[in-house]
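Student: So that we are looking at the same thing, I have put the structure below in C-alpha cells.
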Amino acid sequence: MPFLGGVHLFDWDEINFAEGAREMIVLKNYLRVHINYEPFWEKPPFFFWLQAASMNLLGIG
C-alpha cells in the first residue's frame, strides 16, 4: 500500500498530555503537571485536569 506508515498515528503532544493526566492520578497531585515524574511547565494545567477527570470516570486506557 503506498504511503502506509508515512504519518505517525499519534502526535508527541498527545502522548505527553495523556501521561501528564495519568501521573496526576498516580501522584494524587492535581495542582502540578508531571511528565516522567518531573515538573512540566510548558502547558497550562486545564486540559490535563479535563483528561484526569475523564480517566477517573472512565478508567485509564
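Student: Can you name every residue in the range 18-34 that is in contact with a helix residue (DSSP H, G or I) (Cβ under 6 Å, 6 or more places away or on another chain) and part of a helix (DSSP H, G or I)?
Tutor: Passing the criteria: G20, A21, M24, I25.
Student: Select from the range 1-17 the residues that are of a type in the set (A, V, I, L, M, F, W, C) and outside any helix (DSSP H, G or I) and write down the one among them that is nearest to G61 (Cα to Cα). Talk me through it step by step, then tell me what you get.
Tutor: From the range 1-17, those of a type in the set (A, V, I, L, M, F, W, C) are 1, 3-4, 7, 9-10, 12, 15, 17; that's our starting set.
Retained after the next criterion (residues that are outside any helix (DSSP H, G or I)): 1, 3-4, 7, 9-10.
On the way: M1: 30, F3: 29, L4: 26, V7: 23, L9: 16, F10: 15 Å.
The residue in question is F10.
Coordinate-derived values only; no laboratory data. Note that the structure is a prediction, hence the values are computed from the model and not measured. A quick note on method: Cβ atoms are made from the backbone with ideal geometry, for glycine too, and the neighbour counts reach across all protein chains shown.
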